[in-house]
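Any read-out appearing in this document is the output of simple, stated calculations on the displayed coordinates, not a laboratory observation. Computed from a predicted model, the values in this text were never measured in an experiment. When we count neighbours, we look across all protein chains shown, and the Cβ atoms used for this are built from the backbone with ideal geometry, even at glycine.
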Amino acid sequence: MPFFLFDILARGRGPFLKEKSSATFFLFLVLSLLLLILPLKVKESLSEIVFSFAYAPFYSVANQIGELYDVHQVNRVLNEKVTRLTLENSRLQEKERENERLRQVLGFKSESSYQLIPAEAVAAEPERFPSLIWINLGEKDGIRKGMPVINIDGLIGRVSEVLVGSSVVQLLYHPNCRVAALDTRSRVQGIVRSKGGVMLNLDNVPTEEDVKVGDEIYTSGFSKIFPEGLKIGQVLKVSPAKDPVFKIIILKPAVDFSRLEELFVIKI
Amino acid sequence: MPIRNLNLSKAANTLFLILIVVLYQSLFSGLLTIHRISLDLPLLILVYVGLTRGPASGAIFGFLVGFLLDLYNPSFLGLGAFIKTCLGYLVGSFTDNLYLESNISKGVVIFLSLLLNDFAYYLFSSGFDLNYTFFVFLNYSLLSGLYTAFAGLAFLWFLQIRKAKEITT
């Protein structure tokens with residue numbers, strides 16, 4: 001191509017229209033040739049200097065953008081990992097809690113002198129303070145009406161209805177539930193029943209009897225429904241009697257009825 | 001005064017185009033390379049400058065662009081500048097002799113310019129080794145020329161559509 005151009009230029013014809021353009025062309029052509037004939041070391045130094053001005057800032061920016069992008073990618077991957085591990089961690093913690101609970105349940109079962117049938121609460125009455133729950137065992141599992149139901153904390157209630165594969169348990173909160181009980185400290189006896197709300201009442205305790213706040217109340221075994229020695233609750237309040245005959249005693253149930261999971265039916 | 005303003009605007013425009021070339025070479029050339037077939041944007045801009053501004057601007061721009069590209073290979077510093085100076089001048093000079101109303105003919109000019117540029121560069125840089133020159137030319141330059149010509153055509157069509165819209169509004 002350059003020879004072709006030289007030929008045209010030498011003959012002074014062809015498409016070259018303006019003198020000024022030709023002069024400019026020759027000037028830059030000579031500059032190019034001068035660059036070409038420079039010693040290699042000079043070429044390298046010159047290239048290095050100009051490169052550092054012309055390209056280096058852009059390459060630096062490109063590198064930084066690249067690094068930023070890499071960091072962003074790594075951050076995204078790590079965030080995903082953290083989320084996944086957090087979920088896994090909470091799942092494992094739940095498993096650990098379940099494991100601990102089941103260990104307690106197993107220990108309780110082996111210590112208990114009753115014949116216990118493990119059960120699970122599957123549904124509850126849709127009330128604020130449910131008085132009935134459904135368990136996953138029924139007639140085919142040997143469940144009979146009237147059997148007491150407990151968990152590791154204490155007495156829950158009794159089986160009120162039995163179906164083939166499930167049963168209804170009447171909780172201590174149920175208005176029809178009455179439990180013969182005694183104060184383990186003073187051996188004072190009474191009847192535990194619910195009068196609504198989350199607390200229970202120990203009724204039929206004469207005013208002169210010795211019942212104090214903090215006393216533990218267990219089943220007495222005098223009723224044929226509940227065997228003796230099942231924890232019902234703790235005395236929370238003993239009110240001065242308005243009634244001249246009986247005390248008003250409020251109990252805090254031993255069982256947290258809002259968290260009924262692993263239960264046992266006592267085979268009697 | 002108006003002439004000086006015109007020159008200043010031309011210089012600013014040239015600097016802007018040079019900046020595009022530098023930006024492209026340092027940031028985007030790798031992104032637009034497909035299977036070692038690269039888009040020769042500097043040459044595309046050189047042809048555009050030659051066609052729109054004439055031989056002198058073509059030669060100056062060719063020198064500057066060639067020099068900037070030569071920085072990547074200091075052993076041949078000046079070779080790219082020499083070839084592109086000639087090419088810019090040549091394209092600018094032939095403008096009046098070419099029928100350039102149709103985009104196809106502009107695409108052909110871009111394609112031939114790239115072939116001419118590559119052929120000359122590889123011929124000189126290989127020490128007139130024709131085998132090497134033809135190997136590179138056939139394997140890369142032809143496809144790169146087509147790629148660049150189509151990119152140029154797409155750009156021209158885009159400009160025309162934009163211009164047509166401006167006229168209608």
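How much mean residue ellipticity at 222 nm does the protein assembly as shown get from its helices, if each DSSP H run of length 4 or more adds -39500 (n - 2.57) and you divide by all residues, to the nearest 500 deg cm²/dmol?
It comes out at -17500 deg cm²/dmol, rounded to the nearest 500.
Holding the Cα-Cα limit at 22 Å, pick out from A:Lys231/A:Lys252; A:Lys145/A:Lys237; A:Lys140/A:Lys224 the pairs that are longer than that.
Those over the limit are A:Lys145/A:Lys237; A:Lys140/A:Lys224.
Search the structure for amide H atoms under 5 Å from the amide H of A:Leu163, placed 1.01 Å from N in the peptide plane, and list their residues when 5 or more places away or on another chain.
Close amide H contacts, sequence-distant or interchain: A:Glu139, A:Val168.
Place a label point 7 angstrom from the Cα of A:Ala123 along the Cα-to-Cβ direction, then list the residues of region A:229-268 whose backbone nitrogen is under 18 Å away.
Residues A:260-261 fall inside that zone.
Could you give me the ³J(HN,Hα) list for region B:114-130, computed from phi with Karplus coefficients 6.51, -1.76, 1.60 and θ = phi - 60°, whole Hz, x at Gly and Pro?
Per-residue couplings from phi come out as 5, 4, 4, 4, 5, 4, 5, 5, 5, 5, 5, 5, 8, x, 6, 7, 5 Hz.
May I ask you to list the aspartates and glutamates whose Cα is less than 13 Å away from that of A:Lys247, ignoring any residue fewer than eight positions away on the same chain?
Answer for A:Lys247, where 13 Å is the Cα cut-off: A:Asp203, A:Glu208, A:Glu209, A:Asp210, listed by chain and number.
Quick one: which residues, 5 or more positions from A:Ala124 or on another chain, have an amide H under 5 Å from its amide H? H modelled 1.01 Å from N in the peptide plane, none for Pro or chain starts.
A:Trp134
Through the Karplus equation 6.51 cos²θ - 1.76 cosθ + 1.60, θ set to phi - 60°, convert the phi angles of region B:36-51 into ³J(HN,Hα) values in whole Hz; use x for Gly and Pro.
Per-residue couplings from phi come out as 6, 9, 9, 8, 8, 5, x, 5, 4, 5, 4, 4, 4, 5, x, 5 Hz.
Check which residues have an amide H placed less than 5 Å from A:Leu230's amide H, if you skip close sequence neighbours.
A:Thr219
How big is region A:160-268 in terms of Cα radius of gyration and Dmax, in angstroms?
14.5, 49
Tell me which of B:Leu8, B:Tyr48, B:Gly88 sits at the most positive position along the dipole axis of chain B, charges placed on C-beta atoms (Lys, Arg +1; Asp, Glu -1).
Result: B:Leu8, furthest along the dipole toward the positive end.
Just name one of A:Gln234, A:Ala254, A:Asn176: the one whose Cα is farthest towards the positive end of the charge dipole of region A:176-268 (beta-carbon charges, Lys/Arg +1, Asp/Glu -1).
So the residue furthest toward the plus end is A:Asn176.
Of B:Phe124, B:Phe137, B:Phe158, which is the most mobile in a GNM of chain B whose springs link Cα atoms less than 10 angstrom apart?
In the Gaussian network model the winner is B:Phe158.
Taking A:Lys43 as the anchor, which lysines have their alpha carbon closer than 22 Å to its alpha carbon, excluding any fewer than eight residues away along the same chain?
Straight-line reach from A:Lys43, under 22 Å: B:Lys84.
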